[in-house]
Amino acid sequence: MNDIKERIAAELIAVRDRSLTYTEAEDDLLVRQHSPLMSPLVWDLAHVGNYEELWVLREAGGITPLRPEIDDIYDAFKTPRKDRPTLPFLGPAEARRYIEGVRGRVLDVLDAVNLEDAGEHAPLHRDGFVFGLVIQHEHQHDETMLATLQLSGQPGLVRDGDLPQGRADGPEEVYVPAGTFLMGTGTLPWAYDNERPAHRVDLPGYWIDRLPVGNRAYAAFIEDGGYDDPRWWTPEGWGWRRNSGVSAPLFWTREGGAWWRTRFGRSEPVPMDEPVQHVSWYEADAYARWAGKRLPTEAEWEKACGWDPAAEQARRYPWGERNPGPDLANLGHRAAHPAPLGAYPAGASAYGAEQMVGDVWEWTGSWFQPYPGFRSFPYKEYSEVFFGREYRVLRGGSWAADPAAVRTTFRNWDYPIRRQIFTGFRCARSELV
Ligand code: AVJ
Ligand code: FE
């Protein structure tokens, strides 16, 4: 096996270990629905196996379907999440057997294929793309499973860990001078279709927060009456605020004059020096207006994160090409929460912005739209069907995102009302002239 095949095999093993860890619970917890926003955990588990069967075995490997009769059950477009408990999905033991059977054949395909000359299947196999696709897909579902586990309120299921200390000093904002940069990528082999093609974008100068907005600052917004003042909210945001009755981030409660949160089944004081998470786009947008700022556009976010103005090229990570070690970013579920603000000075971008990847996904002010020259690959339902004015773009990746599915060009998206995801934000403002 050559280097790339060894890396793929290692990544396949790592992501499967992760999925199995998140589904070690008793059967009842796995088959139950914990929120209408989420699938039963065992659905996610077999869905990643079915996706792997579809893409690696059938499409790229030309192998006859193993279990075509279950395809409809695991087609995310056929049944919305809220209705998935009614599906005749595989039980935990059968799901584990199914995904293991698929995986064995996937490793056979990997072993046998010539990645650089796979005949009619070449586009899927080039640079191991189809394996990258299923590895990233499974990691994304693992993050979804963590959101489900958080919503379940069940203690003792999710591993925690230690993170670096925060750092209080440093400027509030960094300046990004006017000029063009290259947005998106034409070279990263495992990038999704929505990250392509690379294209020049010209931006005026702007300021962007050095760090994500912290719980202390967010609590000040609440205590200043931010949830009760329509001046800070868009009309849709204000409508959502009134109908939902929301008055603090999801999982926060007020007890004895202090803020508490529940995290994976346990109650704890809100750590004031961590980035805020579990806020909707509407809340992020309102906070930014209260602070005299706005959310960064997606282009502003990406330039501040990934562009190296001296080298005139984009970096894979804010600090460069090096893999995200524990001194650089809080990724890959090292702990089950964001790191304190200022914990990763070594992970700063060329412009000095910190914690751009890891800790929390960050809402941007942009709708999820195609880049100029976008071409769907390998299927329309990954990105294309979501383009428009329904979903807001999220950037950076949370503590629960794996480095395999994080890069400066990576795009995530969700409805502006969603809060169960591990999402926060930072603010920006235009240069005053
Ligand atoms: C890109 C995170 C919005 O979870 O719905 C999973 C990723 N696509 N299976 C999602 C995805 C197909 C997607 N998000
Ligand atoms: Fe999926």
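Quick note: the coordinates plus some simple rules give every number you see, no bench work behind them. None of the values given here were measured: they were computed from a predicted structure. Here the Cβ positions follow ideal geometry from the backbone for every residue, glycine too, while neighbour counts run over all protein chains shown.
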Sum of side-chain charges, T180 neighbourhood, beta-carbon under 11 Å (Lys, Arg +1; Asp, Glu -1)
0
Choice from D273, D117, D193 with maximal GNM fluctuation in the chain (Cα, 10 Å cutoff)
D117
Would you kindly give the portion of the calculated P(r) for the stretch 280-385 that falls above 24 Å, as a percent of all Cα pairs?
38
Between A122 and W367, the FRET efficiency computed from the C-beta separation at R0 = 30 Å comes out, to the nearest 0.05, as 0.30
For the stretch 314-331, 3J(HN,Hα) per residue [Karplus equation, 6.51 cos²θ - 1.76 cosθ + 1.60, θ = phi - 60°, Hz, x = Gly/Pro]:
7, 9, 6, 10, x, 8, x, 9, 4, 4, x, x, x, 8, 10, 6, 9, 10
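Going by C-beta contacts inside 10 Å, put S366, S349 in order with the fewest on the left. Don't skip to the end; give the middle numbers.
On the way: S366 19, S349 26.
Least to most surrounded, the residues fall as S366, S349.
Treating only the Cβ atoms of Lys and Arg (+1) and Asp and Glu (-1) as charged, compute the dipole magnitude of the chain about its Cα centre; round to the nearest 20 debye. Walk me through the intermediate numbers first.
Values: 48 positive and 64 negative charges, 169 e Å.
Using only the charged Cβ atoms, the result is roughly 820 debye.
For the chain, what are the DSSP H helices with axial Cα length of 15 Å or more and mean Kyte-Doolittle hydropathy of at least -0.5? Mind showing how you got there, number by number?
Values: long enough: 3-22 (29 Å, -0.17); 41-52 (17 Å, 0.12); 92-112 (30 Å, -0.27); 129-152 (34 Å, 0.17).
For the chain, where a helix must reach 15 Å along its axis and average at least -0.5, the hits are 3-22, 41-52, 92-112, 129-152.
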Assuming a ≥ b ≥ c are the square roots of the Cα gyration tensor eigenvalues, decide whether the stretch 165-323 counts as rounded (a/c under 1.5), prolate (otherwise, with a/b larger than b/c) or oblate.
prolate
Any lysines whose Cα falls less than 26 Å from that of K82, other than same-chain ones fewer than 8 residues away, would be K380
Order of E143, E223, E283 under a 10 Å beta carbon neighbour criterion, fewest first:
E223, E143, E283
Computed on alpha carbon atoms, what radius of gyration and Dmax characterise the stretch 2-152, expressed in Å?
15.5, 47
Could you grab the relative contact order for the chain? Cα pairs under 8 Å, six or more apart, rounded to a whole percent.
18
With springs connecting C-alpha atoms under 10 Å apart, model the chain as a Gaussian network and identify which of A288, A168, A310 has the largest mean-square fluctuation.
A310
At E431 and R375, where each label point lies 7 Å from the Cα along Cα→Cβ, what is the point-to-point distance in nanometres?
3.7
For the stretch 278-325 and the stretch 134-153, what is the separation of their Cα centres, given in Å?
23
Out of T144, V393, A219 - ranked by how far each Cα lies towards the positive end of the dipole of the chain, with unit charges on the beta-carbon of charged residues - the top one is A219
Answer with one residue from G91, F129, V102: the one whose Cα lies farthest towards the positive end of the charge dipole of the stretch 91-135, charges on Cβ with Lys, Arg +1 and Asp, Glu -1.
G91
So who's got an amide H within less than 5 Å of the one on E173, skipping anything under 5 residues away but keeping other chains? H placed 1.01 Å off N, in plane.
R210
Rounded to one decimal in nm, the spacing of the 7 Å Cα→Cβ label points at R254 and I13 is 5.2
Once amide H atoms are placed 1.01 Å from N in the peptide plane, what residues at a sequence separation of 5 or more from T185, or on another chain, have their amide H within under 5 Å of its amide H?
R196, A198
Using +1 at the C-beta of Lys and Arg and -1 at the C-beta of Asp and Glu, which of L66, Q33, T79 has the Cα lying farthest in the positive direction of the dipole of the stretch 1-129?
Q33
Can you list the HN-Hα couplings for the stretch 394-399, worked out from phi with the Karplus curve (6.51, -1.76, 1.60; θ = phi - 60°), rounded to whole Hz and with x for Gly and Pro?
10, 10, x, x, 9, 4
Per 5 Å bin, what percent of the C-alpha pairs of the stretch 159-433 does each bin hold, from zero upward?
1, 6, 13, 18, 20, 18, 13, 8, 3, 1, 0, 0
